[in-house]
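*Asks:* Please find one structure pasted underneath; my questions will follow.
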Amino acid sequence: MKKRTSPVLQRFWEDKLAAACLIFLGVEILLLLVLPLFLGQDPNVTDKTAGFWAPPGAEHLLGTDDVGRDILARLLYGGQISLLVGYLSAILGTLLGVPLGLLAGYKGGKWEYWIMRACDTFQSFPSLILVLCLVSLLGPSVWNIILVQGVLGWSSVARLVYGSTLSVKKKEYVEASRALGATDRAILFRTILPNVIAPVWAAFPMKVGRAILSESSLSFLGVGLRTPQASWGNLMQNALELITLTTRPWAWIPPGLCIVVTVLALLLVGEGLRKALNPKAGR
Amino acid sequence: MKHYIVKRVLGAVPVFFGITLIVFLMMNLAPATIADAAGEGEASSAAMRAALEANLGLDQPILVRYILWLKEVLTGDLGLSYRTGQPVLRMIGQRVAPSLILTGTGVVWAVLLGIPLGVMAAWKPRSGWSKLASGLTLFSFSAPSFFLCLIAIFVFSVKLSWFPAAGMYSSGAGGDLMDLLRHLILPAAVVCLGSLGNLVRQTTSAVSEVLGEDYIRTARAKGLGEWAVLWKHAFRTALIPVLTTILNHIPHIIGGSMVVERIFGWPGMGSLLFSSVNGRDYTVIMGVTVVVALAVLVTGILMDIVYRLADPGVGWGGDRE
């Protein structure tokens with residue numbers, strides 16, 4: 001099934017907006033990793049000469065925070081954490097959801113019943129509540145947040161894969177490979193998986209976006225990551241005090257904009273992928 | 001129809017048990033912390049701690065505890081709060097109305113704004129309506145609600161001082177409807193923006209799909225006005241996928257409005273949940289989680305029935321997939 005240039009990729013790059021967003025996301029990761037080296041500010045060190053809440057200036061481009069740490073350095077460091085949580089949670093959820101969805105759709109019977117009832121159960125909770133409770137029980141570390149968001153992210157992927165597996169398994173080519181004596185495992189992973197994976201790819205960027213949004217909401221409300229750890233949501237926590245909200249907009253607007261721009265880019269990449277993978281449906 | 005309803009309710013039973021099991025296991029992952037939280041200093045010695053655990057029933061096997069707890073939940077007894085000593089059910093009961101007012105208002109606004117906008121965007125795909133619709137959708141998907149809350153408070157409460165920044169009533173103005181409305185506008189607007197994107201997107205795609213159908217061409221050909229075609233034929237058919245969207249996003253909407261409640265100090269279930277998480281008030285956390293999940297489950301069943309009443313084509317046999 002190898003083709004010289006994948007038509008999907010070709011269609012994706014033709015969509016200028018989505019392509020630009022994908023490039024932006026790549027550059028963003030690079031910048032978040034490289035810029036701190038040039039900035040020369042430690043995100044965890046108090047600058048005693050500048051003091052607390054120094055306004056933006058030559059020394060501290062975005063000023064200092066409530067304990068005198070450089071806000072720009074924390075913005076970059078927090079961005080690394082936010083993206084790490086977003087991408088890893090989405091990957092974990094997808095890795096769990098795909099095999100479960102395949103199993104439920106292909107095996108049917110008891111497998112289908114139990115996996116899909118578990119799906120219903122998980123989807124009838126607002127995921128924010130579950131993440132909130134589990135993270136506060138396990139302790140608010142970066143890895144716990146990734147673990148909880150990732151594990152809870154399985155159900156939407158599983159439902160997606162389940163739906164397409166149901167329709168694909170009746171196709172002639174599946175019958176054909178079974179008639180040729182292929183094992184269940186070979187049919188599942190060689191024949192069915194490549195044909196049901198497209199919607200998962202298209203949903204993946206938004207899954208990253210959702211994970212970033214939910215982590216930042218929790219951290220903002222003080223029930224996710226806590227200082228000295230930083231994430232974009234947690235950096236905005238000071239804005240819950242009226243004085244920071246009204247007089248120091250440079251402390252909370254930049255991380256907010258970072259979240260909006262990142263999630264927007266992820267969303268548009270997802271749209272581009274969806275259209276490229278399914279050229280007939282897109283407008 | 002009766003057969004379908006019975007089947008649908010029976011289908012929800014395992015989900016209900018699943019929900020209670022998850023909530024129970026979650027809160028009992030670390031039973032020591034429950035005794036710690038309930039004792040809070042009292043349980044300093046090992047003997048006192050054992051007595052406290054026995055008192056709370058924590059010395060029994062976990063399955064027994066689950067069944068005992070489930071029996072109480074089924075009779076409507078969610079236990080007492082570790083913090084305030086009040087019955088959890090009563091504490092939740094006081095919070096239901098404010099939450100319903102906030103979420104309900106937000107969703108109704110989203111429906112009133114989103115459906116017409118979606119229909120217009122589908123009708124005139126290259127117009128300003130369509131651009132407005134896709135812009136709003138992208139914004140609604142990508143802006144975190146807590147950021148919108150901060151901006152709303154910054155602009156409309158602090159800079160313009162049009163609306164109050166927190167609470168449900170001004171102190172001393174208990175029960176005044178105008179006062180409630182003034183407090184409601186900002187948080188409800190944020191809730192509305194949060195669910196608007198999905199609604200606009202689904203309405204647009206559903207209506208534009210229907211507009212390509214043969215019977216729409218027939219209706220146009222027999223001289224029916226464009227407006228009548230749009231609202232009488234196209235929209236009515238498109239209503240079904242739109243209803244499904246609202247239904248599928250109830251958990252998401254509830255989660256979002258909980259964050260909004262917390263920031264605006266709105267005295268609903270979300271505020272209760274966040275304060276009990278901070279105070280490690282386990283019985284309240286369990287109670288709120290079970291009640292919310294149950295509400296989602298029941299709304300799901302009701303919407304499914306309404307859905308089938310609205311669209312006789314779906315019938316009372318299969319699943320909504």
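*Asks:* If you check A:Ala19 against the conditions, is it at pLDDT 80 or above, in a helix (DSSP H, G or I) and buried (at least 18 other Cβ atoms within 10 Å of the Cβ)? Before you say what the answer is, go through the steps one by one.
*Replies:* Details: at pLDDT 80 or above: yes; in a helix (DSSP H, G or I): yes; buried (at least 18 other Cβ atoms within 10 Å of the Cβ): no.
Criteria not met by A:Ala19.
*Asks:* While we're here: Within segment A:91-105, identify whether any single residue is out of contact with any helix residue (DSSP H, G or I) (no Cβ under 6 Å at 6 or more places or on another chain), farther than 30 Å from A:Arg178 by Cα and of a type outside the set (Ser, Thr, Tyr), and answer yes or no.
*Replies:* Keep residues of segment A:91-105 that are out of contact with any helix residue (DSSP H, G or I) (no Cβ under 6 Å at 6 or more places or on another chain), which gives A:91, A:95, A:99.
This time we only want the ones that are farther than 30 Å from A:Arg178 by Cα, so: A:91.
If we keep only those that are of a type outside the set (Ser, Thr, Tyr) too, we end up with A:91.
Yes, segment A:91-105 contains at least one residue that is out of contact with any helix residue (DSSP H, G or I) (no Cβ under 6 Å at 6 or more places or on another chain), farther than 30 Å from A:Arg178 by Cα and of a type outside the set (Ser, Thr, Tyr).
*Asks:* For a quick check of your reading of the model, give me the residue pairs whose first member lies in segment A:111-137 and is over 22 Å from A:Leu213 (Cβ atoms) and within 9 Å of another protein chain (Cβ to nearest Cβ), whose second is buried (at least 19 other Cβ atoms within 10 Å of the Cβ) and β-branched (Val, Ile, Thr), with beta-carbon atoms closer than 6 Å and at least 6 apart or on different chains.
*Replies:* Note: pairs meeting the criteria are A:Asp120/B:Val15; A:Thr121/B:Val15; A:Thr121/B:Ile19.
*Asks:* What residue, of B:Ile62, B:Ile34, is crowded, with 18+ Cβ neighbours inside 10 Å, under 30 Å from A:Trp114 (Cβ atoms) and at pLDDT below 85?
*Replies:* Values: B:Ile62 fails: crowded, with 18+ Cβ neighbours inside 10 Å.
Exactly one residue qualifies, and that residue is B:Ile34.
*Asks:* Would you check if there is a residue in segment B:40-51 being surrounded by 12 or more Cβ atoms within 10 Å (Cβ to Cβ), at pLDDT 75 or above and either in a helix (DSSP H, G or I) or among the hydrophobic types (A, V, I, L, M, F, W, C) (or both)?
*Replies:* no
*Asks:* Still on this structure: Test A:Ala198 against the stated conditions and say whether it is touching a Lys or Arg at 6+ places or on another chain (Cβ under 6 Å) and away from chain B (no Cβ under 12 Å). Reasoning before the result, please.
*Replies:* On the way: touching a Lys or Arg at 6+ places or on another chain (Cβ under 6 Å): no; away from chain B (no Cβ under 12 Å): yes.
The answer is no for A:Ala198.
*Asks:* Same structure, new question: Going through segment A:163-211 one residue at a time, which ones are more than 18 Å from A:Gly93 (Cα to Cα) and not in a helix (DSSP H, G or I)?
*Replies:* Passing the criteria: A:Lys169, A:Lys170, A:Lys171, A:Leu180, A:Gly181, A:Ala182, A:Thr183.
*Asks:* Now, a different point. Against the conditions (1) free of Cβ contacts under 8 Å to residues at least 24 places away in the same chain; (2) under 25 Å from A:Thr244 (Cα atoms); (3) out of contact with any helix residue (DSSP H, G or I) (no Cβ under 9 Å at 6 or more places or on another chain), where does A:Thr64 fall short? Just the number, please.
*Replies:* It fails just one condition, (3).
*Asks:* Among the candidates B:Trp227, B:Trp231, which residue alone is surrounded by fewer than 19 Cβ atoms within 10 Å (Cβ to Cβ), of a type in the set (Phe, Trp, Tyr), assigned to a helix (DSSP H, G or I) and without any contact (Cβ under 8 Å) to a residue 40 or more places away in the chain? First the steps, then the outcome.
*Replies:* Details: B:Trp231 fails: without any contact (Cβ under 8 Å) to a residue 40 or more places away in the chain.
Checking each option against the conditions leaves just B:Trp227.
*Asks:* Mind telling me which of the residues A:Ala186, A:Ala198, A:Ala179, A:Ala202 ends up being crowded, with 18+ Cβ neighbours inside 10 Å and of a type in the set (Gly, Ala, Ser)?
*Replies:* Numbers: A:Ala186 fails: crowded, with 18+ Cβ neighbours inside 10 Å; A:Ala198 fails: crowded, with 18+ Cβ neighbours inside 10 Å; A:Ala179 fails: crowded, with 18+ Cβ neighbours inside 10 Å.
None of the others qualify; the one that does is A:Ala202.
*Asks:* Turning to a different aspect of this structure: Consider A:Leu264 carefully, then state whether it is part of a helix (DSSP H, G or I), surrounded by fewer than 18 Cβ atoms within 10 Å (Cβ to Cβ), modelled with pLDDT of 90 or more and of a type outside the set (Asp, Glu). Give the derivation first.
*Replies:* Values: part of a helix (DSSP H, G or I): yes; surrounded by fewer than 18 Cβ atoms within 10 Å (Cβ to Cβ): no; modelled with pLDDT of 90 or more: yes; of a type outside the set (Asp, Glu): yes.
Criteria not met by A:Leu264.
*Asks:* So which residues in segment A:136-159 are assigned to a helix (DSSP H, G or I) and modelled with pLDDT under 85? Explain how you work it out, then say what you get.
*Replies:* Taking segment A:136-159 as the starting set, the residues that turn out to be assigned to a helix (DSSP H, G or I) are A:136-138, A:142-152, A:154-159.
Across segment A:136-159, the qualifying residues are A:Ser136, A:Leu137, A:Leu138.
*Asks:* Would you pick out the residues in segment B:99-124 that are closer than 20 Å to B:Ala228 by Cβ and surrounded by fewer than 15 Cβ atoms within 10 Å (Cβ to Cβ)? Before the answer, list the steps.
*Replies:* Taking segment B:99-124 and keeping what is closer than 20 Å to B:Ala228 by Cβ, we get B:115-124.
Scanning segment B:99-124 gives a single hit, B:Lys124.
*Asks:* So A:Val223 clears everything in (1) at pLDDT below 85; (2) surrounded by 17 or more Cβ atoms within 10 Å (Cβ to Cβ); (3) more than 12 Å from every other protein chain (Cβ to nearest Cβ) except one condition, right? Which one?
*Replies:* Among (1) at pLDDT below 85; (2) surrounded by 17 or more Cβ atoms within 10 Å (Cβ to Cβ); (3) more than 12 Å from every other protein chain (Cβ to nearest Cβ), the lone unmet condition for A:Val223 is (3).
*Asks:* Kindly evaluate A:Gly78 against the criterion of being assigned to a helix (DSSP H, G or I), farther than 21 Å from A:Met206 by Cβ and in contact (Cβ under 8 Å) with a residue 24 or more places away in the chain. Can you show your working first?
*Replies:* Values: assigned to a helix (DSSP H, G or I): yes; farther than 21 Å from A:Met206 by Cβ: yes; in contact (Cβ under 8 Å) with a residue 24 or more places away in the chain: yes.
Answer is yes for this residue.
Here is a yes/no grid of residues against (1) of a type outside the set (A, V, I, L, M, F, W, C); (2) within 20 Å of the chain's Cα centre (by Cα); (3) under 24 Å from A:Leu128 (Cβ atoms); (4) at the interface with chain A (Cβ under 8 Å from one of its Cβ atoms):
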position	(1), (2), (3), (4)
B:Gly106	yes, yes, yes, no
B:Val111	no, yes, yes, no
B:Thr137	yes, yes, yes, no
B:Ala143	no, yes, yes, yes
B:Phe154	no, no, yes, yes
B:Ser157	yes, no, no, no
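*Asks:* Something else: Inspect segment B:92-115 for any residue being in a helix (DSSP H, G or I), in contact (Cβ under 8 Å) with a residue 24 or more places away in the chain and of a type in the set (Lys, Arg) and give the result as yes or no.
*Replies:* yes
*Asks:* One residue is enough: does segment B:240-259 have a residue meeting the conditions touching a residue at least 60 places away in the same chain (Cβ under 8 Å), more than 25 Å from A:Ser156 (Cα to Cα) and either in contact with a helix residue (DSSP H, G or I) (Cβ under 7 Å, 6 or more places away or on another chain) or in a helix (DSSP H, G or I) (or both)?
*Replies:* No: zero hits.
*Asks:* State which residue is surrounded by the most Cβ atoms within 10 Å (Cβ to Cβ) when the search covers only segment A:251-261 and only residues that are of a type outside the set (A, V, I, L, M) and under 16 Å from A:Leu84 (Cα atoms).
*Replies:* As a first pass, look at segment A:251-261 and keep what is of a type outside the set (A, V, I, L, M): A:252, A:254-256, A:258.
The next check asks that each one be under 16 Å from A:Leu84 (Cα atoms); those that pass are A:255, A:258.
Details: A:Pro255: 28, A:Cys258: 22.
Ranking the qualifying residues of segment A:251-261, first place goes to A:Pro255.
*Asks:* Kindly provide the set of residues from segment B:243-298 that are of a type in the set (Ser, Thr, Tyr), closer than 16 Å to A:Ile129 by Cβ and either within 9 Å of another protein chain (Cβ to nearest Cβ) or more than 10 Å from the chain's Cα centre (by Cα) (or both), ordered by number.
*Replies:* Start the filter on segment B:243-298 by keeping residues that are of a type in the set (Ser, Thr, Tyr), which leaves B:244-245, B:257, B:271, B:275-276, B:282-283, B:289.
The next check asks that each one be closer than 16 Å to A:Ile129 by Cβ; those that pass are B:257, B:271, B:275-276, B:282-283, B:289.
Passing the criteria: B:Ser271, B:Ser275, B:Ser276, B:Tyr282, B:Thr283, B:Thr289.
*Asks:* Additional query: Can you name the number of the only condition in (1) closer than 30 Å to B:Tyr169 by Cβ; (2) within 10 Å of another protein chain (Cβ to nearest Cβ) that B:Gly197 fails?
*Replies:* With (1) closer than 30 Å to B:Tyr169 by Cβ; (2) within 10 Å of another protein chain (Cβ to nearest Cβ) applied to B:Gly197, the lone miss is (1).
*Asks:* Is it true that some residue in segment A:251-261 is in contact (Cβ under 8 Å) with a residue 12 or more places away in the chain, outside any helix (DSSP H, G or I), more than 10 Å from chain B (Cβ to nearest Cβ) and not acidic (Asp, Glu)?
*Replies:* Scanning segment A:251-261, I find no residue that is in contact (Cβ under 8 Å) with a residue 12 or more places away in the chain, outside any helix (DSSP H, G or I), more than 10 Å from chain B (Cβ to nearest Cβ) and not acidic (Asp, Glu), so the answer is no.
*Asks:* Here is a further query. Counting only residues that are buried (at least 18 other Cβ atoms within 10 Å of the Cβ) and either more than 11 Å from chain B (Cβ to nearest Cβ) or not in a helix (DSSP H, G or I) (or both), how many does segment A:239-250 have? Step through it out loud before you land on a result.
*Replies:* We begin by selecting, within segment A:239-250, every residue buried (at least 18 other Cβ atoms within 10 Å of the Cβ); these are A:239-240, A:244-245, A:248.
From what's left, either more than 11 Å from chain B (Cβ to nearest Cβ) or not in a helix (DSSP H, G or I) (or both): A:248.
The number of residues fulfilling the criteria is 1.
*Asks:* Right, here's the next one. Note down all Cβ pairs under 7 Å where the first residue falls in segment A:141-152 and is without any contact (Cβ under 8 Å) to a residue 12 or more places away in the chain, the second is surrounded by 21 or more Cβ atoms within 10 Å (Cβ to Cβ), and they're at least six residues apart or on different chains.
*Replies:* Correct list of pairs: A:Asn144/A:Val135.
The values are calculated or read from the model by the stated rules, or taken from the named source; none is laboratory data. Fair warning: this is a prediction, and the values are worked out from it, not measured in the lab. We place every Cβ from the backbone using ideal geometry, glycine too, and count neighbours over all the protein chains shown.
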